[in-house]
Amino acid sequence: MLGSSKESARRRFHFLEKRLERNPELQKEYHDFMREYLSLGHMRLVEADDEVNSTAYYLPHHPVIKESSTTTKVRVVFDGSAKTSTGFSLNEALCVGPVVQDELIDIILRFRTFPVALVGDIAKMYRQVLIHPDDTSLQRVLWRFPEQSSVQTYELLTVTYGLAPSSFLATRTLQQLAADEGEAFPKGGPALKKGFYVDDFIGGAQSVEEAIRLRTELSTLLQKGGFELRKWTSNRLDVLRGLSREQIGTQSTLQFNPYETIKALGISWEPEADMLRFDSHIRDNDEPPTKRSILSDIS
């Protein structure tokens, strides 16, 4: 199904470079992101001989900016839907895979049954899962750092944002970790199987002591698979004692800021009051209301 993709990716890359040159701040963050990718071993430089002697797909890439993020505001997303010379993309040649975690509404409803809430997420979840070496040539990117004069070819070595099966591969890995190691963790094992939606954990316990034990077991269990849990938040600050500032998701480790909210599975959660709420940004409009404008504001 796959034809040539390198020249198309090269054109997109040169367009990206021009865009970054117009925005020095974005350019710096983009370069920092890619440099971290390389330094962590999540991608590697491809030698000239390897570049020629294998079936390959070249992923165009672009920045996605998320101002609300407390960690990485600029994320590089790779375009697995870019067409090759045959008219097919990599995503069209891949199976998506089934959903292996519980439905979102089930997880949120269970979350509301606990008097002590506990929320966290996995750092760089996709990038903790390696791709088999036979397949990394299908995850090639063109890139150059400021010190490089020519464009280089790199291969992404881990599960990658923007590819059809990425969510399945990462979540299926969590399920396998629960099956392999979860039996030794009476609190953490069931929570890993039933309390995650992609990389977000949302659950709780009946008491502060039980929530601390759950947090500790989950962290230890996930470390066995190379995953790091962070951004811990609870409606009871005692649950967070012993964590470093970098591991906590609220703005203050000692007390809540007034009406402080965090995102929990896309919904705003106010930890201190333990309330879910929906944020809206309805603009003042002097125009007469119409059915269309009202439906737009409601949605």
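Points worth noting:
- Residues of segment 28-49 classified as part of a helix (DSSP H, G or I) and within 21 Å of Thr160 (Cα to Cα), total: 11
- Phe227 being touching a residue at least 12 places away in the same chain (Cβ under 8 Å), assigned to a loop (DSSP other than H, G, I, E, B) and within 17 Å of the chain's Cα centre (by Cα): yes
- Screening Arg12, Arg44 for residues that are in contact (Cβ under 8 Å) with a residue 12 or more places away in the chain, touching a Phe, Trp or Tyr at 6+ places or on another chain (Cβ under 8 Å) and either within 21 Å of Gly87 (Cβ to Cβ) or among the basic types (Lys, Arg) (or both) leaves exactly one candidate, Arg44.
- 3 or more residues closer than 22 Å to Ile267 by Cβ: qualifying strands (runs of 3 or more DSSP E) within segment 133-215: 200-205
- Residue match in segment 282-291 (condition: open to solvent by 100 Å² or more (accessible area, probe 1.4 Å), within 14 Å of Ile122 (Cα to Cα) and assigned to a helix (DSSP H, G or I)): no
- Summed over segment 125-137, residues that are without any contact (Cβ under 8 Å) to a residue 12 or more places away in the chain and farther than 17 Å from Val46 by Cβ total 0.
One line per residue, one yes/no per condition, for (1) over 18 Å from Val116 (Cβ atoms); (2) of a type in the set (A, V, I, L, M); (3) out of contact with any Leu (no Cβ under 7 Å at 6 or more places or on another chain):
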{"site": "Ser166", "(1), (2), (3)": "yes, no, yes"}
{"site": "Ala179", "(1), (2), (3)": "yes, yes, yes"}
{"site": "Ala191", "(1), (2), (3)": "no, yes, no"}
{"site": "Glu217", "(1), (2), (3)": "no, no, yes"}
{"site": "Asp238", "(1), (2), (3)": "no, no, yes"}
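- Scope segment 148-160; condition open to solvent by less than 30 Å² (accessible area, probe 1.4 Å) and within 19 Å of Phe227 (Cα to Cα); matching residues: Leu156, Thr158, Val159, Thr160
- Residue within segment 215-224 that is on the phi > 0 side of the Ramachandran plot and surrounded by fewer than 17 Cβ atoms within 10 Å (Cβ to Cβ) present: no
- Phe168 passes every criterion in (1) open to solvent by 50 Å² or more (accessible area, probe 1.4 Å); (2) touching a Pro at 6+ places or on another chain (Cβ under 8 Å); (3) over 24 Å from Lys263 (Cβ atoms) apart from (3).
- Contacts under 9 angstrom Cβ, first residue in segment 142-162 being within 20 Å of Val52 (Cβ to Cβ) and small (Gly, Ala, Ser), partner open to solvent by 10 Å² or more (accessible area, probe 1.4 Å) and part of a loop (DSSP other than H, G, I, E, B), 6 or more apart: Ser150/Arg144
- Residue in segment 43-57 that is in contact with a Lys or Arg (Cβ under 9 Å, 6 or more places away or on another chain), open to solvent by 10 Å² or more (accessible area, probe 1.4 Å) and modelled with pLDDT of 95 or more present: no
- Residues of segment 195-248 that are basic (Lys, Arg) and at pLDDT below 95: Arg230, Lys231, Arg236, Arg241, Arg245.
- Failed item in (1) among the hydroxyl-bearing types (Ser, Thr, Tyr); (2) closer than 27 Å to Thr86 by Cα; (3) at pLDDT below 95, with Ser68 passing the rest: (2)
- The single residue among Leu218, Leu222, Leu237, Leu265 that is of a type outside the set (Gly, Ala, Ser) and free of Cβ contacts under 8 Å to residues at least 24 places away in the same chain turns out to be Leu237.
- From the list Leu163, Leu118, Leu177, the one residue that fits, being crowded, with 19+ Cβ neighbours inside 10 Å and within 21 Å of Ala9 (Cβ to Cβ), is Leu163.
The values are calculated or read from the model by the stated rules, or taken from the named source; none is laboratory data. What you are looking at is a predicted structure, and each value in this text was computed from that prediction instead of being measured. Neighbour counts are summed over all protein chains in view; Cβ atoms, including those assigned to glycine, are modelled from backbone coordinates with ideal geometry. Just the protein is used for accessible areas: all its heavy atoms, side chains included, with ligands, DNA and RNA removed. Shrake-Rupley method; radii C 1.70, N 1.55, O 1.52, S 1.80 Å.
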